[in-house]
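The values are calculated or read from the model by the stated rules, or taken from the named source; none is laboratory data. If you're wondering where the values come from, they're calculated on a predicted model, not measured in any experiment. Cβ coordinates were reconstructed from backbone atoms using ideal geometry, including for glycine residues, and neighbour counts include every protein chain displayed. Note: areas computed on protein heavy atoms with side chains; ligands, DNA, RNA excluded. Shrake-Rupley method; radii C 1.70, N 1.55, O 1.52, S 1.80 Å.
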Amino acid sequence: SELLKQIRQEVSGALELFVSDRTGLPDYALAATGAVVVAHSPAHLPRPSLFQRRLINVHHMNVHPEATKRLLAPFSQPGECLPLVGSSGYVDVRLTEPIRPSAVTYEHVPAAIQRPLNIGSAPRNLTLSGFLGMPPPHLSSPVKAQKRYADSGTAPPAEVHLASISVNATGRRTVHTFPVELAAREVLIDHVRLSFSSNHGRREYTCLYRLRVHGTPQLSDNP
Amino acid sequence: SELLKQIRQEVSGALELFVSDRTGLPDYALAATGAVVVAHSPAHLPRPSLFQRRLINVHHMNVHPEATKRLLAPFSQPGECLPLVGSSGYVDVRLTEPIRPSAVTYEHVPAAIQRPLNIGSAPRNLTLSGFLGMPPPHLSSPVKAQKRYADSGTAPPAEVHLASISVNATGRRTVHTFPVELAAREVLIDHVRLSFSSNHGRREYTCLYRLRVHGTPQLSDNP
Amino acid sequence: SELLKQIRQEVSGALELFVSDRTGLPDYALAATGAVVVAHSPAHLPRPSLFQRRLINVHHMNVHPEATKRLLAPFSQPGECLPLVGSSGYVDVRLTEPIRPSAVTYEHVPAAIQRPLNIGSAPRNLTLSGFLGMPPPHLSSPVKAQKRYADSGTAPPAEVHLASISVNATGRRTVHTFPVELAAREVLIDHVRLSFSSNHGRREYTCLYRLRVHGTPQLSDNP
Ligand SMILES: [K+]
Ligand SMILES: [K+]
Ligand SMILES: [K+]
């Protein structure tokens with residue numbers, strides 16, 4: 001009976017964490033509360049039309065029409081990820097509101113239910129940085145986009161390093177939470193850039209399942 | 001081994017209840033089986049266009065375009081709620097089919113994953129009542145809507161009190177099931193009105209996450 | 001402490017399987033990875049418009065607009081199923097990619113949360129068969145469709161029997177996985193046909209909740 005009570009406590013605690021987005025932490029990169037993907041490296045579109053190719057890849061400032069839904073929402077299933085060309089790239093996200101960041105979470109789907117071909121497309125090494133204001137064009141961006149920015153004559157917002165993380169997509173854990181570096185915890189940010197420099201072996205593309213950003217909002221008592 | 005068996009039984013029973021909509025009870029206010037939000041007090045729309053304001057708030061008989069999806073579907077996440085102006089208001093729901101009501105369930109998202117600012121928008125004191133037929137305009141409705149009804153010369157359907165409930169949105173439970181008052185269990189209803197008279201402190205608006213209504217359908221053997 | 005460790009291991013293992021689509025197996029009939037419903041016996045549409053009736057039932061080769069979403073996606077809730085006329089019928093599915101099949105899974109919603117009226121609409125006896133190429137018109141198809149096929153002068157792809165299964169929709173299990181017959185495990189397929197010959201008592205229609213197909217892709221190391 002004492003034992004049964006202990007079992008039930010463990011089970012209900014585990015389910016409570018499960019329904020608490022599996023982290024028990026508010027997510028300021030959640031689509032449902034207004035966070036959006038604002039830019040990313042070229043999307044991988046199998047058999048795209050010429051039109052799609054121009055729309056999404058050439059202009060580059062454009063965003064995959066499902067990017068926000070795929071990267072910033074719960075309930076991932078195989079295939080529901082943001083596919084970016086190659087084994088390195090980036091995504092820029094505007095947060096729900098300005099926060100002082102405390103931790104970041106990257107989640108992928110369990111390897112057990114992935115098609116073998118797709119396990120290799122999970123990212124391996126990731127870097128998160130934060131900005132107050134729209135991040136500047138990425139170094140990998142087309143010259144035109146970078147030049148346009150330079151021409152505007154305004155200084156880009158400062159980049160704050162949040163975390164460098166490594167994910168094993170074939171392990172049993174699928175939700176990976178990492179603390180933000182101490183120096184960055186007092187800095188106010190409203191955008192993050194997720195960069196990845198390697199994946200699990202697929203040259204063609206990397207598919208990102210879910211990003212969460214945790215922290216403390218600037219004004220928690222403001223209406 | 002006997003112990004292991006007991007642990008597994010507990011775990012599998014808990015997961016079984018979890019996939020059984022966490023209540024183990026049929027829900028006659030479920031969008032997927034045809035239930036719909038038919039009316040509500042004015043919606044809270046942050047930065048609405050003039051057009052939206054007129055469409056939704058002024059005419060008042062109109063319904064937030066996502067009301068049914070937000071209030072009558074499983075898998076709540078922060079932000080996926082029906083936002084109504086102020087700390088009191090109401091929602092009218094047409095049920096899937098006529099039932100004799102036995103219980104009602106109100107669910108909110110875990111406080112742990114809410115942005116601090118939003119915890120205050122959870123409702124606190126709620127009243128559920130039932131109707132056979134479309135509920136009459138609420139007392140808080142614009143005079144015009146009430147007058148139009150009065151002019152029609154038909155009597156409104158009788159209001160049956162189902163339950164008065166109180167919800168602590170910062171506690172660990174998120175799914176709150178309450179029995180319907182004995183006197184109401186034999187009454188056939190096909191609409192419910194959820195009224196709230198207070199919330200957890202946010203003056204601006206109250207956000208409703210999910211309503212379920214349980215009971216016995218009128219004709220359970222009818223094709 | 002040793003006990004607590006054992007409890008936690010059981011709980012975390014159960015949740016791990018839970019998020020692994022409850023089977024721990026890749027699903028090659030998953031909508032999110034490109035699988036689609038390509039044909040089915042006439043849909044049951046309560047109160048369809050004349051237009052819908054013509055569009056979906058008469059031409060028959062047409063497909064219920066939500067068929068793929070309802071049959072080939074996770075997170076079933078009551079009502080989110082593919083409703084087909086009568087107590088026998090079929091559905092044809094094009095898989096994500098060619099596989100050698102190993103098992104099939106049929107899932108329904110828990111009887112506990114079904115409206116009493118709808119429990120009878122769950123299928124009882126099901127047969128799964130596989131094809132390499134589009135399955136030929138079903139024996140129950142309109143003469144016109146069958147004749148058109150015969151006129152084309154091409155031989156239909158061979159039908160491979162995968163499994164004959166029986167499901168008790170009122171039992172506690174909702175996810176039913178069955179191995180594919182040994183003789184079929186070396187055969188390459190890219191379509192399956194799910195046929196049902198009886199349901200749980202409802203004459204009017206049968207509602208299918210979710211089909212999964214497991215196996216090994218033809219080329220698991222192909223980009
Ligand atoms: K996702
Ligand atoms: K909701
Ligand atoms: K379904």
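Scanning the stretch A:140-157 for residues that are of a type in the set (Gly, Ala, Ser) and open to solvent by less than 80 Å² (accessible area, probe 1.4 Å), we see that the one that is modelled with the lowest pLDDT is A:Ala145. Restricting attention to the stretch C:1-37 and to residues that are of a type in the set (Val, Ile, Thr) and open to solvent by 30 Å² or more (accessible area, probe 1.4 Å), the residue that is modelled with the lowest pLDDT turns out to be C:Val19.
Checking the stretch B:122-130 against the condition returns a match, with at least one residue being away from ligand 3 (no atom under 16 Å from the Cβ), at pLDDT 95 or above and surrounded by fewer than 16 Cβ atoms within 10 Å (Cβ to Cβ).
Give the residue that is farthest from C:Pro74 (Cα to Cα), with candidates limited to residues of the stretch C:189-206 that are within 13 Å of another protein chain (Cβ to nearest Cβ) and either touching a His at 6+ places or on another chain (Cβ under 9 Å) or within 16 Å of ligand 2 (Cβ to nearest atom) (or both). Across the stretch C:189-206, the extreme among qualifying residues is C:Glu204.
Of all the numbered requirements in (1) more than 16 Å from ligand 3 (Cβ to nearest atom); (2) more than 21 Å from C:Phe75 (Cα to Cα); (3) under 17 Å from the mean Cα position of the chain (by Cα), C:Leu117 misses one, and that requirement is (3).
Quick check on my filter: what residues within the stretch C:64-120 are within 16 Å of ligand 1 (Cβ to nearest atom) and either in contact with a Cys (Cβ under 7 Å, 6 or more places away or on another chain) or in contact (Cβ under 8 Å) with a residue 60 or more places away in the chain (or both)?
Step one: filter the stretch C:64-120 for residues within 16 Å of ligand 1 (Cβ to nearest atom), giving C:73-75.
Result: C:Ala73, C:Pro74.
How many of the residues making up the stretch C:106-124 are small (Gly, Ala, Ser) and part of a loop (DSSP other than H, G, I, E, B)? The number of residues fulfilling the criteria is 3.
For every residue, the table says whether it meets (1) modelled with pLDDT of 90 or more; (2) touching a Phe, Trp or Tyr at 6+ places or on another chain (Cβ under 6 Å); (3) away from every other protein chain (no Cβ under 14 Å).
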site	(1), (2), (3)
A:Arg172	no, no, no
A:Val187	yes, no, yes
A:Leu208	yes, no, yes
A:Arg212	yes, no, no
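Taken over the stretch A:68-101, residues that are over 15 Å from the mean Cα position of the chain (by Cα) and closer than 20 Å to A:His191 by Cα amount to 4. Please go through the stretch A:168-177 and pick out each residue that is more than 13 Å from the chain's Cα centre (by Cα) and not polar (S, T, N, Q). Selection gives A:Ala169, A:Gly171, A:Arg172, A:Arg173.
Being more than 16 Å from ligand 2 (Cβ to nearest atom), open to solvent by 10 Å² or more (accessible area, probe 1.4 Å) and at pLDDT 95 or above is the filter here; which residues of the stretch A:67-76 pass it? Those that are more than 16 Å from ligand 2 (Cβ to nearest atom), open to solvent by 10 Å² or more (accessible area, probe 1.4 Å) and at pLDDT 95 or above: A:Thr68, A:Lys69, A:Arg70. Among the residues making up the stretch B:74-105, those that are within 14 Å of chain A (Cβ to nearest Cβ), away from ligand 3 (no atom under 16 Å from the Cβ) and assigned to a loop (DSSP other than H, G, I, E, B) are B:Ser76, B:Gln77, B:Pro78, B:Gly79, B:Glu80, B:Cys81, B:Gly86, B:Ser87.
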